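Student: Handing you this structure, nothing more for now.
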Amino acid sequence: MIGRPDVTVIGGGLAGCEAAWQLAERGLAVALVDMKPARMSPAHQTPLLCELVCSNSLRSDDPEVGAGLLKRELREVGSLVMACADQHRVPAGSALAVERFGFGRAVTTRLALHRNIRLERRVIDRLPDGPTIVASGPLTGGQLADTIRGMLGGERLYFYDAIAPIVAAESIDMEHAFRASRWARDTATDHSGPPAETASYSSDGEPAGDYINCPLAKEQYYRFVAEIRSARKMAAHPFEELRFFEGCLPIEVMVERGDDVLRHGPMRPIGLTDPRTGTRPFAVVQLRPENRYRSAYNLVGFQTRLAYPEQRRIFAMIPALSGGEFLRYGSVHRNTYIDSPALLGPEFELKQRSDIRFAGLVTGVEGYIESCAIGLLAGLFLAARLRGTACPPPPPTTAMGGLYNHITAPRPPSQSFSPTNINWGLLPGLGRKVRKRERKRLLSRRAAGDFAAWLASVAREAA
Ligand SMILES: Cc1cc2nc3c(=O)[nH]c(=O)nc-3n(C[C@H](O)[C@H](O)[C@H](O)COP(=O)(O)OP(=O)(O)OC[C@H]3O[C@@H](n4cnc5c(N)ncnc54)[C@H](O)[C@@H]3O)c2cc1C
(Lines give C-alpha, C1' and ligand atoms only; values in the text may rest on other atoms or scores of the structure.)
Protein backbone atom coordinates (compact mmCIF):
# COMPACT_ATOMS: atom_id res chain seq x y z
CA MET A 1 0.00 0.00 0.00
CA ILE A 2 1.47 3.36 -1.00
CA GLY A 3 1.58 6.43 1.23
CA ARG A 4 1.62 9.88 -0.27
CA PRO A 5 1.45 9.42 -4.03
CA ASP A 6 4.00 10.89 -6.40
CA VAL A 7 1.26 11.34 -8.97
CA THR A 8 -2.54 11.53 -9.01
CA VAL A 9 -4.26 10.25 -12.12
CA ILE A 10 -7.86 11.40 -12.48
CA GLY A 11 -9.93 8.93 -14.48
CA GLY A 12 -9.55 5.18 -14.80
CA GLY A 13 -10.48 4.96 -18.47
CA LEU A 14 -8.34 3.95 -21.42
CA ALA A 15 -5.88 6.81 -20.91
CA GLY A 16 -5.77 6.98 -17.11
CA CYS A 17 -5.21 3.23 -16.69
CA GLU A 18 -2.37 3.22 -19.18
CA ALA A 19 -0.75 6.32 -17.67
CA ALA A 20 -0.99 4.91 -14.14
CA TRP A 21 0.51 1.60 -15.25
CA GLN A 22 3.48 3.20 -17.02
CA LEU A 23 4.22 5.38 -13.99
CA ALA A 24 3.88 2.53 -11.51
CA GLU A 25 6.06 0.23 -13.60
CA ARG A 26 8.77 2.89 -13.40
CA GLY A 27 8.65 2.89 -9.63
CA LEU A 28 6.42 5.89 -8.98
CA ALA A 29 3.60 5.82 -6.43
CA VAL A 30 0.28 6.53 -8.11
CA ALA A 31 -3.19 7.35 -6.80
CA LEU A 32 -5.59 6.35 -9.58
CA VAL A 33 -8.95 7.98 -8.89
CA ASP A 34 -12.20 7.16 -10.64
CA MET A 35 -15.68 8.33 -9.73
CA LYS A 36 -17.29 4.97 -10.62
CA PRO A 37 -19.37 3.38 -9.21
CA ALA A 38 -20.34 6.23 -6.86
CA ARG A 39 -21.07 8.40 -9.87
CA MET A 40 -21.58 7.03 -13.37
CA SER A 41 -21.42 9.08 -16.54
CA PRO A 42 -24.41 8.66 -18.87
CA ALA A 43 -22.39 6.19 -20.97
CA HIS A 44 -20.50 4.15 -18.36
CA GLN A 45 -22.37 1.20 -16.86
CA THR A 46 -19.97 -0.95 -14.84
CA PRO A 47 -17.60 -0.40 -11.92
CA LEU A 48 -14.75 -1.80 -14.01
CA LEU A 49 -11.87 0.38 -15.06
CA CYS A 50 -11.03 0.83 -18.73
CA GLU A 51 -14.67 0.42 -19.70
CA LEU A 52 -15.42 0.30 -23.41
CA VAL A 53 -18.54 2.42 -23.46
CA CYS A 54 -19.74 1.42 -26.90
CA SER A 55 -18.23 -0.94 -29.47
CA ASN A 56 -16.09 -3.84 -28.22
CA SER A 57 -13.80 -3.41 -31.22
CA LEU A 58 -10.45 -1.67 -30.98
CA ARG A 59 -10.47 -1.57 -34.79
CA SER A 60 -7.96 -2.95 -37.26
CA ASP A 61 -5.00 -5.02 -36.16
CA ASP A 62 -3.33 -4.79 -39.54
CA PRO A 63 -0.14 -2.67 -39.27
CA GLU A 64 -0.76 -1.38 -42.79
CA VAL A 65 -3.84 0.41 -41.44
CA GLY A 66 -3.36 3.40 -39.11
CA ALA A 67 -5.16 1.78 -36.15
CA GLY A 68 -3.18 -1.42 -36.60
CA LEU A 69 0.11 0.44 -36.76
CA LEU A 70 -0.73 2.20 -33.50
CA LYS A 71 -1.47 -1.16 -31.85
CA ARG A 72 1.85 -2.56 -32.98
CA GLU A 73 3.62 0.42 -31.41
CA LEU A 74 1.58 0.15 -28.20
CA ARG A 75 2.52 -3.51 -27.84
CA GLU A 76 6.19 -2.77 -28.44
CA VAL A 77 6.31 -0.15 -25.73
CA GLY A 78 4.58 -2.40 -23.17
CA SER A 79 0.99 -1.21 -23.05
CA LEU A 80 -1.17 -2.72 -20.31
CA VAL A 81 -4.33 -2.09 -22.30
CA MET A 82 -3.01 -3.97 -25.32
CA ALA A 83 -1.77 -6.88 -23.19
CA CYS A 84 -5.22 -7.29 -21.62
CA ALA A 85 -6.96 -6.81 -24.98
CA ASP A 86 -4.83 -9.52 -26.59
CA GLN A 87 -5.63 -11.81 -23.67
CA HIS A 88 -9.39 -11.31 -24.14
CA ARG A 89 -9.64 -11.06 -27.89
CA VAL A 90 -12.65 -12.54 -29.67
CA PRO A 91 -12.78 -13.51 -33.37
CA ALA A 92 -13.32 -10.40 -35.51
CA GLY A 93 -11.43 -10.90 -38.76
CA SER A 94 -8.55 -8.48 -39.10
CA ALA A 95 -9.88 -6.32 -36.25
CA LEU A 96 -9.02 -6.66 -32.58
CA ALA A 97 -12.28 -7.07 -30.70
CA VAL A 98 -12.43 -8.06 -27.05
CA GLU A 99 -14.77 -9.69 -24.57
CA ARG A 100 -15.41 -6.43 -22.77
CA PHE A 101 -16.02 -7.66 -19.21
CA GLY A 102 -13.03 -10.00 -19.21
CA PHE A 103 -10.93 -7.18 -20.62
CA GLY A 104 -12.17 -4.64 -18.03
CA ARG A 105 -11.70 -7.12 -15.19
CA ALA A 106 -8.15 -7.90 -16.32
CA VAL A 107 -7.13 -4.23 -16.43
CA THR A 108 -8.82 -3.50 -13.09
CA THR A 109 -7.20 -6.45 -11.37
CA ARG A 110 -3.70 -5.73 -12.61
CA LEU A 111 -3.92 -2.11 -11.53
CA ALA A 112 -5.55 -2.88 -8.18
CA LEU A 113 -2.85 -5.43 -7.36
CA HIS A 114 0.09 -3.27 -8.40
CA ARG A 115 2.17 -2.43 -5.37
CA ASN A 116 2.76 1.15 -6.56
CA ILE A 117 -0.89 1.95 -7.24
CA ARG A 118 -3.65 2.99 -4.88
CA LEU A 119 -7.08 2.78 -6.46
CA GLU A 120 -9.53 5.38 -5.12
CA ARG A 121 -13.20 5.48 -5.96
CA ARG A 122 -14.42 9.06 -5.60
CA VAL A 123 -15.44 12.07 -7.61
CA ILE A 124 -12.79 14.73 -8.06
CA ASP A 125 -14.18 18.23 -8.36
CA ARG A 126 -11.01 20.23 -7.81
CA LEU A 127 -7.53 19.63 -9.03
CA PRO A 128 -5.26 18.21 -6.32
CA ASP A 129 -1.87 19.60 -5.42
CA GLY A 130 1.18 17.92 -6.87
CA PRO A 131 1.81 16.20 -10.20
CA THR A 132 -1.53 15.24 -11.71
CA ILE A 133 -2.71 13.72 -14.95
CA VAL A 134 -6.28 14.62 -15.92
CA ALA A 135 -7.72 11.75 -17.97
CA SER A 136 -11.40 12.21 -17.20
CA GLY A 137 -12.58 11.60 -20.74
CA PRO A 138 -15.34 12.90 -22.98
CA LEU A 139 -17.92 12.85 -20.19
CA THR A 140 -15.85 14.48 -17.46
CA GLY A 141 -18.03 14.41 -14.39
CA GLY A 142 -18.78 16.38 -11.25
CA GLN A 143 -17.60 19.96 -11.14
CA LEU A 144 -14.28 19.04 -12.66
CA ALA A 145 -15.22 20.36 -16.10
CA ASP A 146 -16.14 23.72 -14.55
CA THR A 147 -12.90 23.74 -12.59
CA ILE A 148 -10.90 23.10 -15.76
CA ARG A 149 -12.87 25.65 -17.71
CA GLY A 150 -12.33 28.24 -14.97
CA MET A 151 -8.62 27.57 -15.01
CA LEU A 152 -8.26 27.66 -18.82
CA GLY A 153 -10.62 30.48 -19.58
CA GLY A 154 -14.04 29.79 -21.08
CA GLU A 155 -13.06 29.53 -24.72
CA ARG A 156 -10.51 26.75 -24.39
CA LEU A 157 -12.71 23.84 -23.32
CA TYR A 158 -15.17 22.43 -25.82
CA PHE A 159 -18.22 20.28 -25.23
CA TYR A 160 -18.95 19.15 -28.77
CA ASP A 161 -16.85 18.26 -31.76
CA ALA A 162 -18.01 19.29 -35.17
CA ILE A 163 -15.64 17.43 -37.43
CA ALA A 164 -15.27 17.79 -41.17
CA PRO A 165 -14.12 14.84 -43.29
CA ILE A 166 -10.49 14.53 -44.39
CA VAL A 167 -9.40 13.20 -47.75
CA ALA A 168 -5.97 11.94 -48.85
CA ALA A 169 -4.23 14.48 -51.09
CA GLU A 170 -3.20 11.82 -53.57
CA SER A 171 -6.79 10.79 -54.19
CA ILE A 172 -8.00 14.26 -55.27
CA ASP A 173 -8.56 14.41 -59.01
CA MET A 174 -6.87 17.68 -59.97
CA GLU A 175 -8.39 17.43 -63.47
CA HIS A 176 -11.59 18.56 -61.77
CA ALA A 177 -10.12 20.97 -59.22
CA PHE A 178 -7.97 24.08 -59.04
CA ARG A 179 -5.79 25.74 -56.45
CA ALA A 180 -6.67 29.25 -55.28
CA SER A 181 -7.38 31.21 -52.14
CA ARG A 182 -10.52 33.26 -51.98
CA TRP A 183 -9.97 36.92 -52.74
CA ALA A 184 -12.07 38.14 -49.88
CA ARG A 185 -11.89 37.29 -46.23
CA ASP A 186 -13.65 34.02 -45.52
CA THR A 187 -16.37 34.33 -42.96
CA ALA A 188 -19.27 31.96 -42.50
CA THR A 189 -17.96 28.75 -43.95
CA ASP A 190 -15.83 27.54 -41.18
CA HIS A 191 -16.32 27.87 -37.46
CA SER A 192 -12.58 27.96 -37.06
CA GLY A 193 -12.68 31.62 -37.97
CA PRO A 194 -11.65 33.56 -40.98
CA PRO A 195 -8.51 32.72 -42.89
CA ALA A 196 -7.19 36.04 -44.12
CA GLU A 197 -5.59 34.99 -47.40
CA THR A 198 -5.96 37.06 -50.49
CA ALA A 199 -5.77 35.70 -54.01
CA SER A 200 -2.32 35.21 -55.34
CA TYR A 201 -1.04 34.35 -58.79
CA SER A 202 2.26 32.76 -59.63
CA SER A 203 4.59 34.32 -62.16
CA ASP A 204 3.31 32.13 -65.00
CA GLY A 205 -0.20 33.37 -64.40
CA GLU A 206 -1.50 30.19 -62.80
CA PRO A 207 -3.62 30.84 -59.73
CA ALA A 208 -1.86 29.76 -56.59
CA GLY A 209 -3.30 29.32 -53.16
CA ASP A 210 -3.59 27.21 -50.09
CA TYR A 211 -6.99 25.80 -50.98
CA ILE A 212 -7.95 23.18 -53.51
CA ASN A 213 -11.33 24.09 -54.98
CA CYS A 214 -13.67 21.43 -56.26
CA PRO A 215 -16.33 23.00 -58.49
CA LEU A 216 -19.84 21.66 -59.09
CA ALA A 217 -22.05 22.64 -62.02
CA LYS A 218 -25.65 23.64 -61.35
CA GLU A 219 -27.23 20.21 -61.93
CA GLN A 220 -24.46 18.48 -59.98
CA TYR A 221 -24.99 20.83 -57.06
CA TYR A 222 -28.77 20.31 -56.82
CA ARG A 223 -28.41 16.52 -57.12
CA PHE A 224 -25.79 16.69 -54.35
CA VAL A 225 -28.15 18.68 -52.11
CA ALA A 226 -31.04 16.28 -52.77
CA GLU A 227 -28.87 13.30 -51.79
CA ILE A 228 -27.76 14.94 -48.56
CA ARG A 229 -31.39 15.65 -47.69
CA SER A 230 -32.51 12.05 -48.10
CA ALA A 231 -29.35 10.42 -46.68
CA ARG A 232 -29.24 8.35 -43.52
CA LYS A 233 -27.96 10.31 -40.52
CA MET A 234 -26.29 8.99 -37.39
CA ALA A 235 -28.60 8.88 -34.39
CA ALA A 236 -27.64 10.90 -31.33
CA HIS A 237 -27.04 9.15 -28.01
CA PRO A 238 -29.89 9.78 -25.56
CA PHE A 239 -27.72 12.16 -23.51
CA GLU A 240 -26.59 14.08 -26.55
CA GLU A 241 -28.87 17.01 -26.77
CA LEU A 242 -27.03 18.69 -29.59
CA ARG A 243 -27.14 22.41 -29.85
CA PHE A 244 -25.46 23.79 -32.92
CA PHE A 245 -23.71 27.09 -33.28
CA GLU A 246 -24.99 29.07 -36.26
CA GLY A 247 -21.39 29.42 -37.44
CA CYS A 248 -20.79 25.67 -37.69
CA LEU A 249 -24.03 24.01 -38.66
CA PRO A 250 -23.82 20.48 -40.02
CA ILE A 251 -24.36 20.42 -43.79
CA GLU A 252 -27.58 18.39 -43.47
CA VAL A 253 -29.05 21.04 -41.16
CA MET A 254 -28.16 23.72 -43.71
CA VAL A 255 -29.77 21.69 -46.48
CA GLU A 256 -32.99 21.49 -44.47
CA ARG A 257 -33.10 25.28 -44.54
CA GLY A 258 -33.19 25.48 -48.32
CA ASP A 259 -31.63 24.25 -51.55
CA ASP A 260 -29.29 27.22 -51.88
CA VAL A 261 -28.09 27.54 -48.31
CA LEU A 262 -24.93 25.48 -48.90
CA ARG A 263 -24.19 27.51 -52.03
CA HIS A 264 -24.28 30.67 -49.93
CA GLY A 265 -22.39 29.01 -47.08
CA PRO A 266 -19.45 26.61 -47.22
CA MET A 267 -19.92 25.96 -50.95
CA ARG A 268 -20.05 29.59 -51.98
CA PRO A 269 -17.95 30.30 -55.07
CA ILE A 270 -17.53 34.03 -54.52
CA GLY A 271 -13.99 35.25 -55.06
CA LEU A 272 -13.00 32.15 -57.02
CA THR A 273 -12.41 31.85 -60.75
CA ASP A 274 -11.88 28.48 -62.34
CA PRO A 275 -8.74 28.98 -64.48
CA ARG A 276 -9.91 26.32 -66.93
CA THR A 277 -13.12 28.20 -67.81
CA GLY A 278 -12.28 31.73 -66.71
CA THR A 279 -15.64 31.85 -64.91
CA ARG A 280 -16.90 31.59 -61.38
CA PRO A 281 -18.16 28.05 -60.65
CA PHE A 282 -21.79 27.54 -59.61
CA ALA A 283 -20.70 26.02 -56.29
CA VAL A 284 -17.40 24.91 -54.80
CA VAL A 285 -16.20 22.56 -52.10
CA GLN A 286 -13.02 24.01 -50.66
CA LEU A 287 -10.29 21.73 -49.37
CA ARG A 288 -7.75 23.07 -46.92
CA PRO A 289 -4.46 21.39 -45.96
CA GLU A 290 -4.88 19.42 -42.77
CA ASN A 291 -1.18 19.18 -42.04
CA ARG A 292 2.06 20.83 -42.96
CA TYR A 293 2.96 17.90 -45.21
CA ARG A 294 -0.13 18.63 -47.37
CA SER A 295 -0.78 14.93 -47.48
CA ALA A 296 -4.38 15.37 -46.34
CA TYR A 297 -7.08 18.00 -46.85
CA ASN A 298 -10.27 18.71 -44.95
CA LEU A 299 -13.56 19.67 -46.57
CA VAL A 300 -13.97 23.16 -45.17
CA GLY A 301 -17.25 23.67 -43.32
CA PHE A 302 -18.44 20.11 -43.99
CA GLN A 303 -19.10 19.00 -40.41
CA THR A 304 -21.83 16.40 -40.66
CA ARG A 305 -23.79 13.63 -39.00
CA LEU A 306 -24.38 11.69 -42.20
CA ALA A 307 -23.72 7.97 -41.75
CA TYR A 308 -20.21 7.05 -42.92
CA PRO A 309 -21.28 4.99 -45.98
CA GLU A 310 -23.51 7.89 -47.00
CA GLN A 311 -20.59 10.30 -46.74
CA ARG A 312 -18.52 8.01 -48.94
CA ARG A 313 -21.32 7.74 -51.52
CA ILE A 314 -22.42 11.37 -51.56
CA PHE A 315 -19.00 13.04 -51.45
CA ALA A 316 -18.01 10.90 -54.45
CA MET A 317 -20.56 13.00 -56.38
CA ILE A 318 -18.10 15.90 -56.16
CA PRO A 319 -16.21 15.37 -59.43
CA ALA A 320 -12.77 15.98 -57.93
CA LEU A 321 -13.51 13.49 -55.15
CA SER A 322 -15.02 10.70 -57.22
CA GLY A 323 -12.07 8.52 -56.20
CA GLY A 324 -11.56 10.24 -52.85
CA GLU A 325 -9.87 8.23 -50.13
CA PHE A 326 -11.40 9.37 -46.86
CA LEU A 327 -8.96 9.29 -43.97
CA ARG A 328 -11.59 10.49 -41.53
CA TYR A 329 -15.32 10.99 -41.81
CA GLY A 330 -17.26 13.93 -40.49
CA SER A 331 -19.07 13.77 -37.17
CA VAL A 332 -20.74 15.87 -34.54
CA HIS A 333 -21.00 14.54 -31.02
CA ARG A 334 -20.81 15.23 -27.33
CA ASN A 335 -17.26 15.48 -26.14
CA THR A 336 -15.08 17.33 -23.68
CA TYR A 337 -11.71 18.41 -24.96
CA ILE A 338 -9.30 21.25 -24.60
CA ASP A 339 -7.47 23.35 -27.16
CA SER A 340 -4.32 21.31 -26.64
CA PRO A 341 -2.00 22.94 -29.21
CA ALA A 342 -2.58 26.30 -27.56
CA LEU A 343 -2.56 25.12 -23.96
CA LEU A 344 -0.15 22.22 -23.59
CA GLY A 345 3.61 22.01 -23.60
CA PRO A 346 5.65 19.18 -25.12
CA GLU A 347 4.89 16.74 -22.28
CA PHE A 348 1.14 17.49 -22.25
CA GLU A 349 1.67 19.78 -19.29
CA LEU A 350 -0.40 22.92 -18.97
CA LYS A 351 1.79 25.82 -20.00
CA GLN A 352 0.30 27.90 -17.22
CA ARG A 353 0.59 25.19 -14.54
CA SER A 354 3.10 22.51 -15.35
CA ASP A 355 2.14 20.16 -12.49
CA ILE A 356 -1.17 19.55 -14.31
CA ARG A 357 -1.03 17.33 -17.37
CA PHE A 358 -3.76 16.02 -19.63
CA ALA A 359 -4.21 12.67 -21.36
CA GLY A 360 -6.77 10.77 -23.39
CA LEU A 361 -9.78 11.97 -25.28
CA VAL A 362 -9.78 15.25 -23.41
CA THR A 363 -6.58 16.24 -25.27
CA GLY A 364 -8.30 16.04 -28.65
CA VAL A 365 -7.80 12.51 -29.87
CA GLU A 366 -10.65 10.19 -30.80
CA GLY A 367 -11.02 6.51 -30.04
CA TYR A 368 -10.07 3.91 -27.47
CA ILE A 369 -6.54 3.12 -28.61
CA GLU A 370 -5.71 6.74 -29.41
CA SER A 371 -6.73 7.69 -25.85
CA CYS A 372 -4.65 4.81 -24.53
CA ALA A 373 -1.64 5.97 -26.60
CA ILE A 374 -1.79 9.50 -25.22
CA GLY A 375 -2.16 8.09 -21.69
CA LEU A 376 0.89 5.94 -22.27
CA LEU A 377 2.96 8.87 -23.51
CA ALA A 378 1.77 11.06 -20.62
CA GLY A 379 2.93 8.34 -18.22
CA LEU A 380 6.34 8.00 -19.90
CA PHE A 381 6.92 11.76 -20.00
CA LEU A 382 5.96 12.30 -16.37
CA ALA A 383 7.90 9.29 -15.11
CA ALA A 384 11.02 10.57 -16.86
CA ARG A 385 10.50 14.07 -15.51
CA LEU A 386 10.05 12.87 -11.90
CA ARG A 387 13.02 10.54 -12.12
CA GLY A 388 15.22 13.29 -13.50
CA THR A 389 15.74 11.63 -16.87
CA ALA A 390 14.32 12.52 -20.28
CA CYS A 391 11.85 10.92 -22.66
CA PRO A 392 12.01 12.24 -26.22
CA PRO A 393 8.73 12.46 -28.16
CA PRO A 394 8.04 9.73 -30.71
CA PRO A 395 9.12 10.56 -34.28
CA PRO A 396 6.47 12.14 -36.54
CA THR A 397 6.68 9.20 -38.96
CA THR A 398 5.15 6.85 -36.37
CA ALA A 399 1.49 6.52 -35.39
CA MET A 400 2.22 7.74 -31.87
CA GLY A 401 4.27 10.60 -33.25
CA GLY A 402 1.43 11.60 -35.57
CA LEU A 403 -1.00 11.78 -32.66
CA TYR A 404 1.60 13.54 -30.53
CA ASN A 405 2.06 16.24 -33.16
CA HIS A 406 -1.66 16.63 -33.63
CA ILE A 407 -2.11 17.74 -30.05
CA THR A 408 1.13 19.63 -29.50
CA ALA A 409 2.15 21.26 -32.78
CA PRO A 410 1.19 24.95 -32.92
CA ARG A 411 -1.57 25.78 -35.41
CA PRO A 412 -2.11 28.98 -37.35
CA PRO A 413 -5.02 30.99 -35.92
CA SER A 414 -7.10 30.23 -39.03
CA GLN A 415 -7.06 26.51 -38.29
CA SER A 416 -9.44 25.29 -35.65
CA PHE A 417 -8.41 22.36 -33.51
CA SER A 418 -10.63 19.32 -33.68
CA PRO A 419 -10.20 15.79 -32.36
CA THR A 420 -8.82 13.08 -34.61
CA ASN A 421 -8.36 9.38 -34.64
CA ILE A 422 -5.18 7.85 -36.04
CA ASN A 423 -4.97 8.05 -39.82
CA TRP A 424 -2.21 8.24 -42.43
CA GLY A 425 -2.91 11.94 -42.90
CA LEU A 426 -1.19 12.60 -39.56
CA LEU A 427 2.11 11.24 -40.86
CA PRO A 428 4.39 12.85 -43.44
CA GLY A 429 3.92 11.38 -46.91
CA LEU A 430 6.63 9.60 -48.87
CA GLY A 431 7.39 12.60 -51.04
CA ARG A 432 6.51 10.76 -54.22
CA LYS A 433 3.39 9.31 -55.77
CA VAL A 434 2.96 5.64 -54.96
CA ARG A 435 -0.08 3.39 -55.40
CA LYS A 436 -2.28 3.26 -52.31
CA ARG A 437 -1.48 -0.29 -51.19
CA GLU A 438 2.24 0.10 -51.72
CA ARG A 439 2.17 3.50 -50.00
CA LYS A 440 0.69 2.00 -46.84
CA ARG A 441 3.21 -0.81 -46.87
CA LEU A 442 6.09 1.66 -47.16
CA LEU A 443 4.68 4.01 -44.52
CA SER A 444 4.21 1.11 -42.13
CA ARG A 445 7.76 -0.13 -42.76
CA ARG A 446 9.22 3.33 -42.27
CA ALA A 447 7.27 3.69 -39.02
CA ALA A 448 8.57 0.35 -37.75
CA GLY A 449 12.20 1.38 -38.20
CA ASP A 450 11.73 4.82 -36.70
CA PHE A 451 9.75 3.47 -33.77
CA ALA A 452 12.43 0.91 -32.95
CA ALA A 453 15.05 3.67 -32.98
CA TRP A 454 12.88 5.78 -30.70
CA LEU A 455 12.38 2.92 -28.25
CA ALA A 456 16.12 2.45 -28.11
CA SER A 457 16.62 6.14 -27.37
CA VAL A 458 13.96 6.03 -24.63
CA ALA A 459 15.77 3.10 -23.03
CA ARG A 460 19.13 4.89 -23.29
CA GLU A 461 17.76 8.05 -21.68
CA ALA A 462 16.14 6.09 -18.86
CA ALA A 463 19.32 4.13 -18.06
C1 LIG B 1 -21.07 7.45 -26.00
C2 LIG B 1 -19.70 7.24 -26.48
C3 LIG B 1 -19.42 6.19 -27.35
C4 LIG B 1 -18.12 5.96 -27.79
N5 LIG B 1 -17.88 4.91 -28.61
C6 LIG B 1 -16.60 4.65 -29.01
C7 LIG B 1 -16.33 3.51 -29.81
O8 LIG B 1 -17.20 2.73 -30.15
N9 LIG B 1 -15.04 3.30 -30.19
C10 LIG B 1 -14.03 4.13 -29.81
O11 LIG B 1 -12.88 3.88 -30.19
N12 LIG B 1 -14.28 5.22 -29.04
C13 LIG B 1 -15.54 5.50 -28.63
N14 LIG B 1 -15.82 6.60 -27.85
C15 LIG B 1 -14.77 7.47 -27.46
C16 LIG B 1 -14.28 6.88 -26.09
O17 LIG B 1 -14.80 7.51 -24.99
C18 LIG B 1 -12.86 7.05 -25.96
O19 LIG B 1 -12.35 6.44 -27.07
C20 LIG B 1 -12.25 6.50 -24.69
O21 LIG B 1 -13.06 5.82 -23.79
C22 LIG B 1 -11.72 7.72 -24.03
O23 LIG B 1 -10.77 7.32 -23.13
P24 LIG B 1 -10.44 8.26 -21.90
O25 LIG B 1 -9.56 7.49 -21.03
O26 LIG B 1 -9.99 9.58 -22.38
O27 LIG B 1 -11.88 8.49 -21.20
P28 LIG B 1 -12.83 7.40 -20.54
O29 LIG B 1 -12.54 6.05 -21.05
O30 LIG B 1 -14.20 7.92 -20.70
O31 LIG B 1 -12.41 7.41 -19.01
C32 LIG B 1 -12.63 8.52 -18.20
C33 LIG B 1 -12.81 8.04 -16.78
O34 LIG B 1 -12.79 9.18 -15.93
C35 LIG B 1 -13.75 9.02 -14.92
N36 LIG B 1 -14.12 10.37 -14.46
C37 LIG B 1 -14.72 11.35 -15.18
N38 LIG B 1 -14.85 12.46 -14.44
C39 LIG B 1 -14.33 12.18 -13.21
C40 LIG B 1 -14.18 12.93 -12.01
N41 LIG B 1 -14.61 14.19 -11.92
N42 LIG B 1 -13.60 12.33 -10.95
C43 LIG B 1 -13.16 11.04 -11.03
N44 LIG B 1 -13.29 10.28 -12.14
C45 LIG B 1 -13.85 10.85 -13.22
C46 LIG B 1 -14.87 8.26 -15.60
O47 LIG B 1 -15.66 7.54 -14.65
C48 LIG B 1 -14.12 7.33 -16.56
O49 LIG B 1 -13.90 6.07 -16.00
C50 LIG B 1 -17.09 6.84 -27.39
C51 LIG B 1 -17.36 7.89 -26.53
C52 LIG B 1 -18.65 8.10 -26.08
C53 LIG B 1 -18.92 9.24 -25.14
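The values are calculated or read from the model by the stated rules, or taken from the named source; none is laboratory data. Keep in mind the model is a prediction, meaning the values are calculated, not measured. FYI the Cβ positions are ideal-geometry reconstructions off the backbone, even for glycines, and counts take in every protein chain you see.
Student: Being part of a strand (DSSP E or B), among the hydroxyl-bearing types (Ser, Thr, Tyr) and within 16 Å of the ligand (Cβ to nearest atom) is the filter here, so list the residues in the range 302-358 that pass it.
Tutor: Across the range 302-358, the qualifying residues are Ser331, Thr336, Tyr337.
Student: Which pairs have Cβ atoms under 9 Å, sit 6 or more apart or on different chains, and link a residue in the range 438-451 that is under 12 Å from Pro63 (Cβ atoms) to one that is surrounded by 16 or more Cβ atoms within 10 Å (Cβ to Cβ) and among the basic types (Lys, Arg)?
Tutor: Ser444/Arg72; Ala447/Arg72; Ala448/Arg72; Phe451/Arg72
Student: Take the conditions more than 26 Å from Leu28 (Cβ to Cβ) and within 12 Å of the ligand (Cβ to nearest atom) and apply them to Asn421. Does it pass?
Tutor: yes
Student: Can you name the residue in the range 412-440 that is surrounded by 14 or more Cβ atoms within 10 Å (Cβ to Cβ) and of a type in the set (Lys, Arg) and is also farthest from the chain's Cα centre (by Cα) among such residues?
Tutor: Once the filter is applied, the top-ranked residue is Arg439.
Student: Can you tell which of Arg126, Arg110 is in contact with a Ser or Thr (Cβ under 7 Å, 6 or more places away or on another chain) and basic (Lys, Arg)?
Tutor: Step by step, each of Arg126, Arg110 is checked, and only Arg126 is in contact with a Ser or Thr (Cβ under 7 Å, 6 or more places away or on another chain) and basic (Lys, Arg).
Student: Yes or no: Ile407 within 16 Å of the ligand (Cβ to nearest atom), touching a residue at least 12 places away in the same chain (Cβ under 8 Å) and over 16 Å from Arg328 (Cα atoms)?
Tutor: Taking the combined requirement at face value, the residue satisfies it.
Student: Let me ask something additional. Here are Gly323, Gly330, Gly278: which of them is under 30 Å from Ser41 (Cβ atoms) and out of contact with any Gly (no Cβ under 9 Å at 6 or more places or on another chain)?
Tutor: Gly330
Student: Residues to consider are Ile117, Ile124; find the one that is away from the ligand (no atom under 14 Å from the Cβ) and among the hydrophobic types (A, V, I, L, M, F, W, C).
Tutor: Ile117
Student: Report the residue count in the range 337-357 for those that are under 20 Å from Ile163 (Cβ atoms) and of a type in the set (Val, Ile, Thr).
Tutor: Residues meeting the conditions: 1.
Student: Do you know which residues across the range 325-357 are basic (Lys, Arg) and either buried (at least 22 other Cβ atoms within 10 Å of the Cβ) or closer than 15 Å to Pro131 by Cβ (or both)?
Tutor: Once the filter is applied, which keeps residues that are basic (Lys, Arg) and either buried (at least 22 other Cβ atoms within 10 Å of the Cβ) or closer than 15 Å to Pro131 by Cβ (or both), the range 325-357 yields Arg328, Arg353, Arg357.
Student: Select, from Leu48, Leu70, the only residue that is within 12 Å of the ligand (Cβ to nearest atom) and part of a loop (DSSP other than H, G, I, E, B).
Tutor: Leu48
Student: Can you report the number of residues in the range 113-136 which are buried (at least 22 other Cβ atoms within 10 Å of the Cβ) and farther than 20 Å from Leu48 by Cα?
Tutor: The number of residues fulfilling the criteria is 1.
Student: Restricting attention to the range 358-369, which residues are buried (at least 24 other Cβ atoms within 10 Å of the Cβ) and within 25 Å of Thr147 (Cβ to Cβ)?
Tutor: Phe358, Ala359, Gly360, Leu361, Val362, Thr363, Gly364, Val365
Student: Could you please let me know if Ile369 is within 16 Å of the ligand (Cβ to nearest atom), over 18 Å from the mean Cα position of the chain (by Cα), modelled with pLDDT of 95 or more and assigned by TED's automatic domain parsing to the domain that holds Gly425?
Tutor: It is false that Ile369 is within 16 Å of the ligand (Cβ to nearest atom), over 18 Å from the mean Cα position of the chain (by Cα), modelled with pLDDT of 95 or more and assigned by TED's automatic domain parsing to the domain that holds Gly425.
Student: Out of (1) assigned by TED's automatic domain parsing to the domain that holds Pro250; (2) touching a residue at least 24 places away in the same chain (Cβ under 8 Å), the odd one out for Asp355 is which?
Tutor: Going through (1) assigned by TED's automatic domain parsing to the domain that holds Pro250; (2) touching a residue at least 24 places away in the same chain (Cβ under 8 Å) one by one, Asp355 breaks only (1).
Student: Do we find a residue being farther than 25 Å from Ala383 by Cα and either crowded, with 18+ Cβ neighbours inside 10 Å or in the same structural domain as Cys372 (by TED's automatic domain parsing) (or both) anywhere in the range 72-86?
Tutor: Checked against the condition, which is being farther than 25 Å from Ala383 by Cα and either crowded, with 18+ Cβ neighbours inside 10 Å or in the same structural domain as Cys372 (by TED's automatic domain parsing) (or both), the range 72-86 yields at least one hit.
Student: I would also like to ask the following. Across the range 453-463, what is the total count of residues that are under 24 Å from the mean Cα position of the chain (by Cα) and loosely packed, with under 14 Cβ neighbours inside 10 Å?
Tutor: Residues that pass the stated criteria total 0.
Student: Looking at the range 1-20, which of the residues that are more than 9 Å from the ligand (Cβ to nearest atom) and in a strand (DSSP E or B) is surrounded by the most Cβ atoms within 10 Å (Cβ to Cβ)?
Tutor: Looking at the filtered set, the residue picked out is Val9.
Student: Just wondering, is there one or more residues in the range 87-105 that are farther than 19 Å from Gly11 by Cβ, among the acidic types (Asp, Glu) and assigned by TED's automatic domain parsing to the domain that holds Ala29?
Tutor: yes
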